[in-house]
Structures are given as structure tokens and as C-alpha cells.
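Encoded as C-alpha cells, the structure appears first; notes follow it.
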Amino acid sequence: MTWDEMAPLLWEGTWQTAVMVGWAAVFTVLLGLPLGVALVVFDRGGLRPLPVFKSALGLIVNVGRSLPFIVLMIAIIPFTRLVVGTTIGTAAVVVPLTVGAVPFFARLVETALREVDRDVVQAAQAMGAGRAAIVWKVLLPEALPGIVAGVTVTVVALIGYSAMAGTIGGGGLGDLAVRYGYQRFETVLMIVTVVLLIVIVQIMQSLGDVLARRLSHK
């Protein structure tokens, strides 16, 4: 296969990967952030202790994290079809990507929130701040560098998940690697695909690290 033949395929695969990872990252943050906050707020010693509810949430998160992504994709095929009307293509892959990443990101948010100095929270409580105000004006701002670092780690994981999505016709660079690199023995295309994935991961990691450092200096 010549470069002229590979270039359009690589461009399309890169774009599909960016779309599926981008949308999955957005949905993961929207769902995983409140879930991570709930794990802290409802814990023993939290702002609103509900140990039983917290344990139930923790169990759901642990189950979600324990499933290998390839198994998860297959297991939730009916749910994926219900949400987007199909199980093949870039749009369909966003569903399992999000379902797989939400528990992972929620735990990272929980860890970042637990690293906030308790004295800061107690000072806000002493000033009469309510639970919602403490979450929005104390916990989240103080934990923001850690949360940004968690988003970066999650996006990198999503890129890896998206590559596996090629095994079920999900599109993207993973699909190219499977259809051409593996099934058609196009070794050069396989190597270029791997290099592209490495470059994308390095760029995302570097951007996330820079942003987290800048936020931590504020």
C-alpha cells in the first residue's frame, strides 16, 4: 500500500478517534464528576453522611471498573442499540466508552477531593457555608488541579479503549489496525497507526500536565 492510499485512511481514522474520544470524554466528565463528588459527600465523615448509599455507589463503581473493556462493549450491546439505534460505527462506540470510563474517572475525582485540606472545609463550615456552597466554592476549586490530572488520565485511557473498539467495527485508528494491519498484513500501516496513537497520547498528556501545573500555582 502506497502513502497516497494510506493518507486518506489515516486521516479518516484519526478524525474518527478524535470524535469518539472527545464526545466520550465530555459525557464522562458530566457523569463522573457528580458521581465522584457523591462518593465523598455521602461517605462517613462527609458533608452528608449516608454510608449505605455510599456503599451502593461504591459497589456500582467497582463493578464498572472491574470489567475489561472488550467484555463491556459486548455486554451492553442492547443498551448501545437502545441509545443510538446501532452497535456499529463511531457514534455507537461512544456509549461503551462512556460507560467504561465513568467509574474510572469517578474514583479519580474522589481521590482528588479527599486530598483537599480538611481545615479549609471546616473553616467554610464555621463561616456558615452550606453543603452545596462548600462543594462548589471549596472542594471543587481546591481539587481542580487533581481533577484536571484525572481528566488527562481518563482521556489517555479512552484513546486506548477506542483502539480496542476497532475489533467490533467501531472505526478509528483501532479499526484500521485490525482491518488492514492484522487482517490484510499491511505492516507499514500498522506501524504508522501505532505511532499516531503514541503521538496523540503524548500530546494529550503534555497538555494535561501543563494545565494541571498552572492551576496548582494559583
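So the values come out like this:
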read-out: The one condition in (1) modelled with pLDDT under 90; (2) within 24 Å of P96 (Cα to Cα); (3) within 17 Å of the chain's Cα centre (by Cα) that A212 fails to fulfil; value: (2)
read-out: Members of the range 91-118 found to be modelled with pLDDT under 90, part of a helix (DSSP H, G or I) and open to solvent by 30 Å² or more (accessible area, probe 1.4 Å), listed by number; value: A91, R118
read-out: Residue satisfying all of: in the range 119-167; at pLDDT below 90, of a type outside the set (S, T, Y) and under 20 Å from the mean Cα position of the chain (by Cα); farthest from R81 (Cα to Cα) among these; value: G160
read-out: Selection count, the range 65-88, where residues are in contact (Cβ under 8 Å) with a residue 40 or more places away in the chain, open to solvent by less than 20 Å² (accessible area, probe 1.4 Å) and of a type outside the set (A, V, I, L, M); value: 1
read-out: Conditions (1) surrounded by 18 or more Cβ atoms within 10 Å (Cβ to Cβ); (2) over 15 Å from the mean Cα position of the chain (by Cα); (3) in a helix (DSSP H, G or I); number of the one not met by E5; value: (1)
read-out: Every residue from the range 1-59 that is in contact with a Leu (Cβ under 9 Å, 6 or more places away or on another chain) and of a type in the set (V, I, T); value: T14, T17, V21, T28, V37, V40, V41
read-out: In the range 177-204, the residues that are of a type in the set (S, T, N, Q) and either in a loop (DSSP other than H, G, I, E, B) or open to solvent by 60 Å² or more (accessible area, probe 1.4 Å) (or both); value: Q183, T187, Q202
read-out: Members of the range 98-148 found to be without any contact (Cβ under 8 Å) to a residue 12 or more places away in the chain and under 29 Å from I159 (Cβ atoms), listed by number; value: P141
read-out: Residues within the range 19-59 that are open to solvent by less than 70 Å² (accessible area, probe 1.4 Å), in contact (Cβ under 8 Å) with a residue 12 or more places away in the chain and not in a loop (DSSP other than H, G, I, E, B), tallied; value: 19
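The values are calculated or read from the model by the stated rules, or taken from the named source; none is laboratory data. Since the structure is predicted, the reported quantities are computational estimates derived from the model, not experimental observations. Virtual Cβ from ideal backbone geometry, glycine too; neighbours counted across all protein chains shown. Just so you know, the surface numbers come from the protein's heavy atoms only, side chains and all, with ligands and any DNA or RNA stripped out. Shrake-Rupley method; radii C 1.70, N 1.55, O 1.52, S 1.80 Å.
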